[in-house]
Amino acid sequence: MKRYRIPFNRPSFAGPETRYIAEAIERGHISGDGHFTRACHRLLEESLGVHKALLTTSCTHALEMSAFLTNCGPDDEVIVPSFAFVTSVLAFTLRGTRPVFADVRPDTLNLDERQVERLVTRRTKAIVALHYAGVACEMDALLDVGRRHGVPVVEDNAHGLFGRYKGRWLGTLGVVGTQSFHETKNFTCGEGGALLVNDPSLAERAEILREKGTNRSRFLRGLVHKYTWVDQGSSWLPSDLLAAFLLAQLEARATIQGRRAAIWRRYRGELTDWAAEVGVGLPFVPAHCEQPYHMFYLLLADGAQRERLITHLEERGILAVFHYLPLHLSDMGRKYGGREEQCPVSQDVSARILRLPFFNALTDDEQGDVIAAVREFRG
Ligand SMILES: *Cc1c(COP(=O)(O)O)cnc(C)c1O
(Lines give C-alpha, C1' and ligand atoms only; values in the text may rest on other atoms or scores of the structure.)
Protein backbone atom coordinates (compact mmCIF):
# COMPACT_ATOMS: atom_id res chain seq x y z
CA MET A 1 0.00 0.00 0.00
CA LYS A 2 1.19 3.50 -0.83
CA ARG A 3 2.10 5.82 2.03
CA TYR A 4 0.44 9.20 1.97
CA ARG A 5 1.79 12.32 3.66
CA ILE A 6 -1.78 13.37 4.33
CA PRO A 7 -4.10 10.37 4.78
CA PHE A 8 -7.83 10.48 4.19
CA ASN A 9 -8.48 9.63 7.83
CA ARG A 10 -6.39 9.32 10.95
CA PRO A 11 -8.03 8.37 14.26
CA SER A 12 -7.63 11.00 16.92
CA PHE A 13 -7.84 10.92 20.68
CA ALA A 14 -9.71 13.23 22.97
CA GLY A 15 -7.30 12.66 25.88
CA PRO A 16 -8.82 10.57 28.68
CA GLU A 17 -9.36 7.36 26.63
CA THR A 18 -6.56 5.29 28.23
CA ARG A 19 -7.38 6.58 31.71
CA TYR A 20 -11.03 5.56 31.31
CA ILE A 21 -10.03 2.12 29.98
CA ALA A 22 -7.74 1.64 32.98
CA GLU A 23 -10.63 2.62 35.21
CA ALA A 24 -12.91 0.05 33.54
CA ILE A 25 -10.29 -2.62 34.27
CA GLU A 26 -9.95 -1.49 37.86
CA ARG A 27 -13.72 -1.58 38.28
CA GLY A 28 -13.56 -5.26 37.33
CA HIS A 29 -16.41 -5.10 34.79
CA ILE A 30 -15.27 -5.29 31.18
CA SER A 31 -18.22 -7.08 29.55
CA GLY A 32 -21.23 -5.14 28.28
CA ASP A 33 -23.49 -2.69 30.12
CA GLY A 34 -20.99 -1.67 32.79
CA HIS A 35 -20.29 1.76 34.26
CA PHE A 36 -19.01 3.33 31.02
CA THR A 37 -21.74 1.90 28.82
CA ARG A 38 -24.33 3.34 31.18
CA ALA A 39 -22.52 6.69 31.12
CA CYS A 40 -22.61 6.71 27.30
CA HIS A 41 -26.32 5.83 27.33
CA ARG A 42 -27.03 8.68 29.74
CA LEU A 43 -24.98 11.16 27.74
CA LEU A 44 -26.76 10.27 24.49
CA GLU A 45 -30.21 10.21 26.11
CA GLU A 46 -29.71 13.56 27.85
CA SER A 47 -27.97 15.43 25.05
CA LEU A 48 -30.44 14.26 22.38
CA GLY A 49 -33.55 13.91 24.52
CA VAL A 50 -34.01 10.39 23.17
CA HIS A 51 -36.17 7.80 24.94
CA LYS A 52 -33.50 5.09 25.06
CA ALA A 53 -29.95 4.80 23.72
CA LEU A 54 -28.26 1.40 23.51
CA LEU A 55 -24.61 1.02 22.53
CA THR A 56 -24.06 -1.70 19.96
CA THR A 57 -21.04 -3.39 18.44
CA SER A 58 -21.54 -1.40 15.20
CA CYS A 59 -24.00 0.70 13.25
CA THR A 60 -24.49 -2.36 11.05
CA HIS A 61 -25.68 -4.26 14.12
CA ALA A 62 -27.96 -1.40 15.16
CA LEU A 63 -29.43 -1.61 11.63
CA GLU A 64 -29.90 -5.37 12.06
CA MET A 65 -31.78 -4.65 15.28
CA SER A 66 -33.89 -2.12 13.34
CA ALA A 67 -34.81 -4.82 10.84
CA PHE A 68 -36.08 -6.97 13.72
CA LEU A 69 -37.89 -4.08 15.39
CA THR A 70 -39.73 -3.19 12.20
CA ASN A 71 -40.62 -6.88 11.74
CA CYS A 72 -38.93 -7.13 8.35
CA GLY A 73 -39.05 -10.72 7.20
CA PRO A 74 -38.95 -12.81 4.06
CA ASP A 75 -41.22 -11.50 1.28
CA ASP A 76 -41.35 -8.07 2.91
CA GLU A 77 -39.83 -4.99 1.30
CA VAL A 78 -37.64 -2.16 2.52
CA ILE A 79 -37.18 1.12 0.64
CA VAL A 80 -33.54 2.25 0.60
CA PRO A 81 -31.57 4.84 -1.36
CA SER A 82 -29.27 3.32 -3.97
CA PHE A 83 -26.54 5.81 -3.05
CA ALA A 84 -25.90 4.30 0.39
CA PHE A 85 -23.57 2.15 2.43
CA VAL A 86 -23.84 -1.60 1.91
CA THR A 87 -25.13 -2.36 5.39
CA SER A 88 -27.92 0.23 5.14
CA VAL A 89 -29.57 -2.49 3.04
CA LEU A 90 -27.68 -5.67 4.04
CA ALA A 91 -29.10 -5.51 7.58
CA PHE A 92 -32.53 -6.04 6.00
CA THR A 93 -31.68 -8.52 3.23
CA LEU A 94 -30.06 -10.69 5.92
CA ARG A 95 -33.62 -11.25 7.17
CA GLY A 96 -34.82 -12.18 3.70
CA THR A 97 -36.36 -8.77 3.06
CA ARG A 98 -36.29 -7.49 -0.51
CA PRO A 99 -34.66 -4.09 -1.13
CA VAL A 100 -36.55 -1.59 -3.25
CA PHE A 101 -34.04 0.98 -4.46
CA ALA A 102 -34.99 4.64 -4.61
CA ASP A 103 -32.93 7.40 -6.15
CA VAL A 104 -31.42 10.36 -4.31
CA ARG A 105 -31.90 14.11 -4.69
CA PRO A 106 -29.22 15.75 -6.84
CA ASP A 107 -28.68 18.56 -4.30
CA THR A 108 -28.31 16.87 -0.87
CA LEU A 109 -27.66 13.34 -2.25
CA ASN A 110 -30.34 12.12 0.18
CA LEU A 111 -33.20 9.70 -0.44
CA ASP A 112 -35.55 11.58 -2.78
CA GLU A 113 -38.73 11.91 -0.72
CA ARG A 114 -40.76 12.65 -3.87
CA GLN A 115 -40.08 9.14 -5.18
CA VAL A 116 -40.82 7.15 -2.07
CA GLU A 117 -44.62 7.03 -2.08
CA ARG A 118 -44.95 5.32 -5.45
CA LEU A 119 -42.54 2.60 -4.25
CA VAL A 120 -44.66 1.73 -1.21
CA THR A 121 -46.59 -1.54 -1.54
CA ARG A 122 -48.58 -3.77 0.82
CA ARG A 123 -45.29 -5.49 1.67
CA THR A 124 -43.28 -2.39 2.61
CA LYS A 125 -42.11 -2.72 6.22
CA ALA A 126 -39.59 0.12 6.52
CA ILE A 127 -38.11 3.19 4.83
CA VAL A 128 -34.40 3.80 5.44
CA ALA A 129 -33.53 7.51 5.64
CA LEU A 130 -29.76 7.93 5.42
CA HIS A 131 -28.72 11.49 6.27
CA TYR A 132 -25.83 11.79 3.83
CA ALA A 133 -22.90 13.79 5.21
CA GLY A 134 -25.14 14.44 8.22
CA VAL A 135 -27.39 16.75 6.18
CA ALA A 136 -30.96 15.76 6.95
CA CYS A 137 -33.32 14.01 4.57
CA GLU A 138 -36.65 15.82 4.10
CA MET A 139 -37.99 14.12 7.20
CA ASP A 140 -41.41 15.82 7.35
CA ALA A 141 -42.27 14.46 3.91
CA LEU A 142 -40.82 10.99 4.60
CA LEU A 143 -42.56 10.71 7.98
CA ASP A 144 -45.80 11.82 6.35
CA VAL A 145 -45.60 9.08 3.70
CA GLY A 146 -44.74 6.60 6.47
CA ARG A 147 -47.69 7.70 8.60
CA ARG A 148 -50.20 7.53 5.77
CA HIS A 149 -49.13 3.99 4.82
CA GLY A 150 -48.30 2.67 8.30
CA VAL A 151 -44.61 2.25 7.41
CA PRO A 152 -41.94 3.13 10.01
CA VAL A 153 -38.93 5.26 9.06
CA VAL A 154 -35.51 4.06 10.23
CA GLU A 155 -32.78 6.72 10.30
CA ASP A 156 -29.32 5.52 9.29
CA ASN A 157 -27.65 8.35 11.16
CA ALA A 158 -24.06 7.08 10.90
CA HIS A 159 -22.97 10.48 9.57
CA GLY A 160 -25.39 12.64 11.47
CA LEU A 161 -24.85 12.52 15.25
CA PHE A 162 -25.50 16.04 16.63
CA GLY A 163 -26.90 17.25 13.32
CA ARG A 164 -30.38 18.80 13.26
CA TYR A 165 -33.43 19.05 11.03
CA LYS A 166 -35.64 22.09 11.71
CA GLY A 167 -34.06 22.23 15.16
CA ARG A 168 -34.69 18.54 15.96
CA TRP A 169 -31.80 16.12 16.51
CA LEU A 170 -31.11 13.62 13.76
CA GLY A 171 -31.56 10.05 14.91
CA THR A 172 -34.57 11.03 17.06
CA LEU A 173 -37.14 11.47 14.27
CA GLY A 174 -37.79 7.94 13.00
CA VAL A 175 -38.97 5.01 15.14
CA VAL A 176 -35.28 4.24 15.63
CA GLY A 177 -31.98 5.83 14.60
CA THR A 178 -28.62 4.14 14.21
CA GLN A 179 -25.17 5.59 14.96
CA SER A 180 -21.68 4.48 14.02
CA PHE A 181 -18.53 4.89 16.08
CA HIS A 182 -16.26 3.39 13.45
CA GLU A 183 -12.80 4.92 13.15
CA THR A 184 -13.86 7.08 10.19
CA LYS A 185 -16.76 8.78 11.99
CA ASN A 186 -16.75 12.02 14.07
CA PHE A 187 -16.66 10.04 17.33
CA THR A 188 -15.08 6.63 17.57
CA CYS A 189 -14.12 3.66 19.68
CA GLY A 190 -12.59 1.80 16.72
CA GLU A 191 -15.68 -0.27 15.97
CA GLY A 192 -18.97 0.53 17.62
CA GLY A 193 -22.44 1.91 17.23
CA ALA A 194 -25.69 2.77 18.96
CA LEU A 195 -29.39 2.28 18.51
CA LEU A 196 -31.55 5.26 19.44
CA VAL A 197 -35.05 4.06 20.32
CA ASN A 198 -37.64 6.79 19.86
CA ASP A 199 -40.81 4.72 19.97
CA PRO A 200 -41.09 3.73 23.66
CA SER A 201 -43.10 0.62 22.75
CA LEU A 202 -39.98 -0.80 21.05
CA ALA A 203 -37.58 -0.22 23.96
CA GLU A 204 -38.04 -3.46 25.85
CA ARG A 205 -37.81 -5.60 22.72
CA ALA A 206 -34.64 -3.72 21.70
CA GLU A 207 -33.01 -4.62 25.02
CA ILE A 208 -34.02 -8.26 24.59
CA LEU A 209 -32.73 -8.51 21.02
CA ARG A 210 -29.40 -7.00 22.05
CA GLU A 211 -29.04 -9.40 25.00
CA LYS A 212 -29.19 -12.65 23.03
CA GLY A 213 -32.97 -12.91 23.02
CA THR A 214 -33.14 -12.97 26.82
CA ASN A 215 -34.81 -10.73 29.38
CA ARG A 216 -31.46 -10.22 31.14
CA SER A 217 -31.98 -6.45 31.37
CA ARG A 218 -35.19 -6.95 33.36
CA PHE A 219 -33.31 -9.44 35.54
CA LEU A 220 -30.52 -6.90 36.21
CA ARG A 221 -33.14 -4.33 37.20
CA GLY A 222 -34.61 -6.85 39.64
CA LEU A 223 -37.90 -7.13 37.75
CA VAL A 224 -37.69 -10.91 37.24
CA HIS A 225 -35.98 -13.59 39.35
CA LYS A 226 -34.35 -15.51 36.55
CA TYR A 227 -33.59 -14.54 33.00
CA THR A 228 -34.58 -16.72 30.13
CA TRP A 229 -34.92 -17.03 26.37
CA VAL A 230 -37.91 -14.95 25.30
CA ASP A 231 -37.31 -13.80 21.68
CA GLN A 232 -34.87 -13.82 18.78
CA GLY A 233 -31.71 -11.79 19.10
CA SER A 234 -27.96 -11.86 19.12
CA SER A 235 -25.04 -10.50 21.12
CA TRP A 236 -25.01 -6.88 20.05
CA LEU A 237 -23.58 -5.19 23.12
CA PRO A 238 -19.99 -3.95 23.18
CA SER A 239 -17.40 -4.44 25.92
CA ASP A 240 -17.29 -1.74 28.58
CA LEU A 241 -13.66 -1.15 27.49
CA LEU A 242 -14.95 0.22 24.19
CA ALA A 243 -17.57 2.27 25.98
CA ALA A 244 -14.81 3.76 28.15
CA PHE A 245 -12.94 4.84 25.02
CA LEU A 246 -16.13 6.20 23.47
CA LEU A 247 -17.17 8.16 26.55
CA ALA A 248 -13.90 10.13 26.39
CA GLN A 249 -14.78 11.12 22.82
CA LEU A 250 -18.44 11.92 23.46
CA GLU A 251 -17.55 14.09 26.45
CA ALA A 252 -15.27 16.10 24.15
CA ARG A 253 -18.09 16.68 21.68
CA ALA A 254 -17.98 20.47 21.86
CA THR A 255 -14.25 20.55 21.05
CA ILE A 256 -14.48 17.86 18.37
CA GLN A 257 -17.47 19.44 16.63
CA GLY A 258 -15.92 22.89 16.88
CA ARG A 259 -12.74 21.67 15.20
CA ARG A 260 -14.71 19.88 12.48
CA ALA A 261 -16.82 22.96 11.82
CA ALA A 262 -13.63 25.01 11.37
CA ILE A 263 -12.17 22.45 8.94
CA TRP A 264 -15.39 22.33 6.89
CA ARG A 265 -15.77 26.12 6.73
CA ARG A 266 -12.15 26.59 5.69
CA TYR A 267 -12.54 24.08 2.85
CA ARG A 268 -15.63 25.87 1.64
CA GLY A 269 -14.20 29.34 2.13
CA GLU A 270 -10.98 28.62 0.26
CA LEU A 271 -12.38 26.40 -2.49
CA THR A 272 -15.54 28.26 -3.51
CA ASP A 273 -13.97 30.52 -6.17
CA TRP A 274 -11.81 27.66 -7.48
CA ALA A 275 -14.88 25.41 -7.73
CA ALA A 276 -16.79 28.05 -9.70
CA GLU A 277 -13.88 28.57 -12.12
CA VAL A 278 -13.29 24.86 -12.74
CA GLY A 279 -16.99 23.93 -12.70
CA VAL A 280 -16.90 21.72 -9.60
CA GLY A 281 -19.87 21.27 -7.25
CA LEU A 282 -19.58 21.72 -3.46
CA PRO A 283 -21.82 20.35 -0.67
CA PHE A 284 -25.30 21.86 -0.39
CA VAL A 285 -26.80 22.38 3.06
CA PRO A 286 -30.42 23.62 3.13
CA ALA A 287 -31.11 26.46 5.58
CA HIS A 288 -33.28 24.24 7.81
CA CYS A 289 -30.47 21.69 8.27
CA GLU A 290 -27.60 21.99 10.75
CA GLN A 291 -24.94 19.54 9.69
CA PRO A 292 -22.49 17.91 12.13
CA TYR A 293 -19.56 18.41 9.68
CA HIS A 294 -18.94 14.78 8.87
CA MET A 295 -17.32 15.21 5.44
CA PHE A 296 -16.35 17.61 2.69
CA TYR A 297 -16.87 16.44 -0.87
CA LEU A 298 -16.41 17.73 -4.40
CA LEU A 299 -18.61 16.87 -7.39
CA LEU A 300 -16.36 16.79 -10.45
CA ALA A 301 -17.61 17.16 -14.03
CA ASP A 302 -17.23 13.44 -14.75
CA GLY A 303 -15.39 10.28 -13.77
CA ALA A 304 -12.36 11.08 -15.93
CA GLN A 305 -11.86 14.46 -14.27
CA ARG A 306 -12.19 12.79 -10.86
CA GLU A 307 -9.44 10.32 -11.82
CA ARG A 308 -7.19 13.20 -12.86
CA LEU A 309 -7.73 14.99 -9.55
CA ILE A 310 -7.10 11.81 -7.52
CA THR A 311 -3.80 11.31 -9.38
CA HIS A 312 -2.89 15.00 -9.03
CA LEU A 313 -3.40 14.79 -5.25
CA GLU A 314 -1.67 11.41 -4.97
CA GLU A 315 1.43 12.88 -6.64
CA ARG A 316 1.46 15.42 -3.82
CA GLY A 317 1.11 12.75 -1.13
CA ILE A 318 -2.58 13.36 -0.46
CA LEU A 319 -5.23 10.65 -0.36
CA ALA A 320 -8.74 11.56 -1.50
CA VAL A 321 -11.36 8.81 -1.76
CA PHE A 322 -14.83 8.22 -3.11
CA HIS A 323 -17.56 5.81 -2.08
CA TYR A 324 -20.97 4.29 -2.62
CA LEU A 325 -21.05 2.43 -5.87
CA PRO A 326 -24.81 2.44 -6.55
CA LEU A 327 -26.34 -0.46 -4.66
CA HIS A 328 -28.88 -1.24 -7.38
CA LEU A 329 -26.06 -2.02 -9.84
CA SER A 330 -23.92 -4.08 -7.42
CA ASP A 331 -23.78 -7.86 -7.90
CA MET A 332 -26.28 -8.30 -5.08
CA GLY A 333 -28.43 -5.35 -6.17
CA ARG A 334 -28.81 -6.90 -9.63
CA LYS A 335 -29.88 -10.19 -8.06
CA TYR A 336 -32.69 -8.21 -6.45
CA GLY A 337 -33.67 -6.84 -9.84
CA GLY A 338 -31.57 -3.66 -9.97
CA ARG A 339 -31.66 -2.20 -13.50
CA GLU A 340 -29.42 0.27 -15.31
CA GLU A 341 -31.99 3.11 -15.65
CA GLN A 342 -33.45 2.74 -12.17
CA CYS A 343 -31.58 5.38 -10.15
CA PRO A 344 -29.82 7.76 -12.57
CA VAL A 345 -28.86 10.37 -9.96
CA SER A 346 -27.19 7.76 -7.72
CA GLN A 347 -25.29 6.45 -10.72
CA ASP A 348 -24.23 9.93 -11.82
CA VAL A 349 -23.14 11.15 -8.37
CA SER A 350 -21.31 7.93 -7.61
CA ALA A 351 -19.12 8.45 -10.70
CA ARG A 352 -18.18 12.07 -9.88
CA ILE A 353 -17.94 12.48 -6.10
CA LEU A 354 -14.63 12.84 -4.27
CA ARG A 355 -14.05 13.29 -0.53
CA LEU A 356 -11.15 15.34 0.81
CA PRO A 357 -9.09 14.39 3.92
CA PHE A 358 -11.23 15.23 6.94
CA PHE A 359 -10.48 14.18 10.51
CA ASN A 360 -10.37 15.77 13.93
CA ALA A 361 -6.56 15.84 14.05
CA LEU A 362 -6.05 17.32 10.56
CA THR A 363 -3.64 20.20 11.19
CA ASP A 364 -3.96 23.69 9.71
CA ASP A 365 -0.77 23.11 7.71
CA GLU A 366 -2.02 19.80 6.36
CA GLN A 367 -5.33 21.34 5.37
CA GLY A 368 -3.48 24.26 3.79
CA ASP A 369 -1.51 21.78 1.67
CA VAL A 370 -4.67 19.97 0.58
CA ILE A 371 -6.33 23.25 -0.39
CA ALA A 372 -3.24 24.49 -2.29
CA ALA A 373 -3.02 21.18 -4.16
CA VAL A 374 -6.70 21.23 -5.10
CA ARG A 375 -6.47 24.86 -6.27
CA GLU A 376 -3.54 24.00 -8.55
CA PHE A 377 -5.81 21.57 -10.38
CA ARG A 378 -7.37 23.28 -13.37
CA GLY A 379 -9.54 20.47 -14.62
C1 LIG B 1 -20.17 3.81 8.54
C2 LIG B 1 -21.57 3.61 8.07
C3 LIG B 1 -22.33 2.48 8.42
C4 LIG B 1 -21.75 1.29 9.12
O5 LIG B 1 -21.17 1.57 10.32
P6 LIG B 1 -20.41 0.42 11.12
O7 LIG B 1 -20.36 0.98 12.50
O8 LIG B 1 -19.05 0.29 10.49
O9 LIG B 1 -21.20 -0.82 11.02
C10 LIG B 1 -23.65 2.42 8.04
N11 LIG B 1 -24.22 3.41 7.34
C12 LIG B 1 -23.52 4.49 6.97
C13 LIG B 1 -24.21 5.57 6.23
C14 LIG B 1 -22.17 4.61 7.30
O15 LIG B 1 -21.49 5.70 6.91
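From most to least packed by mean Cβ count within 10 Å, the peptides 232-239, 340-347, 99-106 give 99-106, 232-239, 340-347.
Note on the range 163-312: with charges restricted to the Cβ of Lys and Arg (+1) and Asp and Glu (-1), its dipole about the Cα centre is near 400 debye. Annotation for ASP364 and ARG308: the two label points, set 7 Å from Cα along the Cα-Cβ direction, are 3.4 nm apart. Sequence-distant contacts, meaning Cα pairs under 8 Å at least 6 residues apart, place the relative contact order of the range 228-379 at 27 percent.
Ignoring everything except DSSP H segments at least 4 long, calculate the 222 nm mean residue ellipticity for the chain; use -39,500 (n - 2.57) per segment, divide by total residues, nearest 500. Calculated at 222 nm, the ellipticity per residue is -12000 deg cm²/dmol. Its relative contact order, with pairs defined as Cα atoms under 8 Å and 6+ residues apart, puts the range 8-136 at 20 percent. If only the Cβ of Lys and Arg carry +1 and only the Cβ of Asp and Glu carry -1, the dipole of the range 1-134 around its Cα centre is close to 400 debye. Taking all protein chains together, LYS335, LYS125 sort by accessible area into LYS335, LYS125, largest first [probe 1.4 Å].
With protein chains left intact and a 1.4 Å probe, residues in the range 17-251 average 38 Å² of accessible area per residue.
Among HIS41, HIS225, HIS61, which one shows the biggest mean-square fluctuation in a GNM of the chain, springs joining Cα atoms closer than 10 Å? Most flexible of the set in this elastic network: HIS225. Taking only Cα atoms and a 10 Å spring cutoff, compute GNM fluctuations for the chain and point out the largest among VAL135, VAL151, VAL278. Its mean-square fluctuation being the largest, the pick is VAL278.
Seen against the Cα atoms of the chain and their longest principal axis, helix 253-278 is set at about 30 degrees.
Multiplying the residue separation of SER235 and SER330 by 0.36 nm and removing their Cα-Cα distance gives an extension gain of 31.3 nm. Here is the P(r) of the chain: all C-alpha pair distances, binned every 20 Å from 0, give 28, 57, 15, 0 in whole percents.
Farthest toward the positive end of the dipole of the range 262-339, out of PHE284, HIS323, MET295, is the Cα of HIS323, where the dipole comes from beta carbon charges about the Cα centre. The charge dipole of the range 17-251, taken about the Cα centre with unit charges on the Cβ atoms of Lys, Arg (+1) and Asp, Glu (-1), comes to about 580 debye, rounded to the nearest 20. Calculate how steeply helix 17-27 sits against the longest principal axis of the alpha-carbon atoms of the chain, using the helix alpha-carbon long axis, and give the answer as 0 to 90 degrees to the nearest 10. It works out to around 10 degrees. Pick out, from HIS35, ASN157, VAL50, the residue whose Cα sits farthest towards the positive end of the charge dipole of the chain, with +1 on the Cβ of Lys and Arg and -1 on the Cβ of Asp and Glu. Value computed over the given set: HIS35.
Cβ-Cβ distance of ALA301 and ARG148, R₀ of 35 Å, FRET efficiency by 1/(1 + (r/R0)^6): the value works out to about 0.30. The three principal axes of the Cα atoms in the range 1-160 give end-to-end lengths of 55, 40, 30 Å, sorted in falling order. Structure remark: mean-square fluctuation, Gaussian network model of the chain, C-alpha springs under 10 Å; the largest value among ASP156, ASP231, ASP348 belongs to ASP231. Comparing HIS182, LEU202, PRO344 along the charge dipole axis of the chain, the residue lying farthest to the positive side is LEU202, per the Cβ-charge model. Report, in whole Å, the centroid distance computed from the Cα atoms of the range 237-266 and the range 134-163. Here the two parts' Cα centres lie 24 Å apart.
Computed over the range 17-251, relative contact order equals 26 percent, with contacts defined as Cα pairs under 8 Å that lie 6+ residues apart. Rolling a 1.4 Å probe over the protein heavy atoms of the chain, with every protein chain left in place, gives an accessible area that is 53 percent carbon and sulfur.
The values are calculated or read from the model by the stated rules, or taken from the named source; none is laboratory data. If you're wondering where the values come from, they're calculated on a predicted model, not measured in any experiment. Here the Cβ is made from the backbone with ideal geometry for all residues, glycine too, and neighbour counts use every protein chain on show. For accessibility, only protein heavy atoms count, side chains too; no ligands or nucleic acids. Shrake-Rupley method; radii C 1.70, N 1.55, O 1.52, S 1.80 Å.
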